[in-house]
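S.K.: Below is the structure I would like to discuss, written out as structure tokens.
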Amino acid sequence: MPTPNELLEIATTVARRAAALALQRRRDGVEIAASKSTITDIVTRADQEAEDLIRGALEASRPRDGFLGEESGGERGSSGLTWVVDPIDGTVNYFYDIPAWAVSVAVVEGDPDPATWRTLAGAVVNPSTGEVFTASLGGGARLNGEPIRVNEGVELPLALVGTGFGYDPEIRRKQAAFVTELIPQVRDVRRIGAASLDLCSVACGRLDAYYERGLNPWDHAAGALIAQEAGATVGGLDGAPAGKALLLAAAPGLYGQLDPLVQAYYQRWE
Ligand code: LIP
């Protein structure tokens with residue numbers, strides 16, 4: 001079994017290659033290939049090309065591993081490891097040429113289920129800014145090779161909190177209702193548009209906290225490890241691991257202040 005650092009090397013290499021491809025396609029002009037859950041939930045040809053590049057590279061270097069990708073679905077492996085990939089996280093930003101999208105590549109041990117997996121390594125690459133966020137389990141988190149840490153000691157009224165919204169109009173209405181409840185209690189709210197970059201922002205102190213309901217495994221697999229290795233607590237609904245029902249990430253002190261508010265709202269949601 002390779003070490004987390006050896007796996008991180010593979011994740012970072014393939015993420016960088018896919019990011020370079022996606023950036024070139026962005027410069028060439030972006031085509032929508034299809035829409036998915038709703039008319040606004042789009043997939044571009046670059047999403048598909050980037051995931052094909054990553055999948056092919058991993059099949060060559062790690063043929064016995066499993067794969068779970070946003071665009072091509074899942075395939076079980078026999079090694080006990082699964083690569084969890086979002087080829088372009090922040091697809092709407094990518095389509096609008098807003099420089100806040102990233103390639104997210106993680107490798108997990110066990111089933112590719114956020115409720116049970118153990119993430120061993122993750123890389124998030126934002127080619128628009130040249131930023132490469134990385135982490136290996138127990139190895140810390142880095143931005144372009146330099147160690148990063150969460151903001152410690154931030155109280156709720158001074159917290160800058162990130163969040164996001166799903167594509168379904170009814171879900172968006174309910175998510176917006178919680179923002180209305182939360183926004184008077186914190187410094188401010190930011191909606192960056194890519195969960196992986198939200199989590200990396202918590203990891204390097206550009207956000208004090210981030211929460212979202214409805215994320216897919218590939219949205220947070222790498223970013224959650226990066227945030228955790230930078231000192232964040234990352235959790236879900238009712239004390240469960242982070243997952244589709246809820247993801248909350250913050251330094252431990254702020255997590256303890258924010259979690260009761262988020263749980264009180266999102267537990268009523270279920
Ligand atoms: C996005 C997430 C983001 C969420 C968006 C979208 P995608 O992923 O990263 O946090 O708010 O609605 O789901 O669809 O760009 O890969």
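The values are calculated or read from the model by the stated rules, or taken from the named source; none is laboratory data. Keep in mind that this is a model prediction, so the values were computed, not measured. Cβ sites come from the backbone with ideal geometry, for glycine too, and all protein chains shown count toward neighbours.
S.K.: Scan the strands (runs of 3 or more DSSP E) fully inside segment 153-227 and keep the ones with 1 or more residues being β-branched (Val, Ile, Thr) and within 14 Å of the ligand (Cβ to nearest atom). Spell out how you get there, then give the answer.
M.R.: Details: elements: 160-162, 188-190, 209-212.
Once the strands (runs of 3 or more DSSP E) in segment 153-227 are filtered for at least 1 residues that are β-branched (Val, Ile, Thr) and within 14 Å of the ligand (Cβ to nearest atom), what remains is 160-162, 188-190.
S.K.: Of these, 166, 153, which one is of a type in the set (Gly, Ala, Ser) and modelled with pLDDT of 95 or more? Walk me through it before giving the result.
M.R.: Numbers: 166 fails: modelled with pLDDT of 95 or more.
That would be 153, the only listed residue that is of a type in the set (Gly, Ala, Ser) and modelled with pLDDT of 95 or more.
S.K.: Something else now. Surrounded by fewer than 21 Cβ atoms within 10 Å (Cβ to Cβ) and either under 27 Å from residue 19 (Cβ atoms) or not assigned by TED's automatic domain parsing to the domain that holds residue 251 (or both): is that true of residue 140 in this structure?
M.R.: Working: surrounded by fewer than 21 Cβ atoms within 10 Å (Cβ to Cβ): yes; either under 27 Å from residue 19 (Cβ atoms) or not assigned by TED's automatic domain parsing to the domain that holds residue 251 (or both): yes.
Spelling it out, residue 140 is indeed surrounded by fewer than 21 Cβ atoms within 10 Å (Cβ to Cβ) and either under 27 Å from residue 19 (Cβ atoms) or not assigned by TED's automatic domain parsing to the domain that holds residue 251 (or both).
S.K.: Sticking with this one: What's the number of the condition residue 74 fails, among (1) of a type outside the set (Ser, Thr, Tyr); (2) touching a residue at least 24 places away in the same chain (Cβ under 8 Å); (3) touching an Asp or Glu at 6+ places or on another chain (Cβ under 7 Å)?
M.R.: (3)
S.K.: Pairs only if they're at least six apart or on different chains, beta carbon under 6 angstrom, first in segment 194-208 and on the phi < 0 side of the Ramachandran plot, second part of a helix (DSSP H, G or I) and among the polar types (S, T, N, Q); list them, first residue then second.
M.R.: Partner pairs satisfying both residue conditions: 207/201.
S.K.: Is it true that some residue in segment 5-14 is in contact with a Phe, Trp or Tyr (Cβ under 7 Å, 6 or more places away or on another chain), within 16 Å of residue 218 (Cβ to Cβ) and in a helix (DSSP H, G or I)?
M.R.: Filtering segment 5-14 down to residues in contact with a Phe, Trp or Tyr (Cβ under 7 Å, 6 or more places away or on another chain) leaves none.
No, that holds for no residue.
S.K.: More than 26 Å from residue 37 (Cβ to Cβ) and touching a Phe, Trp or Tyr at 6+ places or on another chain (Cβ under 7 Å): is that true of residue 199 in this structure? Before the answer, list the steps.
M.R.: Working: more than 26 Å from residue 37 (Cβ to Cβ): no; touching a Phe, Trp or Tyr at 6+ places or on another chain (Cβ under 7 Å): yes.
Spelling it out, it is not the case that residue 199 is more than 26 Å from residue 37 (Cβ to Cβ) and touching a Phe, Trp or Tyr at 6+ places or on another chain (Cβ under 7 Å).
S.K.: Another question, if that's okay. Quick test for you: out of 228, 257, 185, pick the one residue that is under 30 Å from residue 11 (Cβ atoms), touching a residue at least 60 places away in the same chain (Cβ under 8 Å) and either outside the structural domain of residue 126 (by TED's automatic domain parsing) or in contact with a His (Cβ under 8 Å, 6 or more places away or on another chain) (or both). Don't jump to the end; show me each part of the working.
M.R.: On the way: 257 fails: under 30 Å from residue 11 (Cβ atoms); 185 fails: under 30 Å from residue 11 (Cβ atoms).
Criteria check complete, one pass: 228.
S.K.: Determine which single condition residue 86 fails, assuming it passes every other condition in (1) part of a strand (DSSP E or B); (2) charged (D, E, K, R); (3) within 16 Å of the ligand (Cβ to nearest atom); (4) farther than 18 Å from residue 51 by Cα.
M.R.: Unmet condition: (4).
S.K.: What's the number of the only condition in (1) part of a strand (DSSP E or B); (2) at pLDDT below 95 that residue 71 fails to meet?
M.R.: Exception for residue 71: condition (1).
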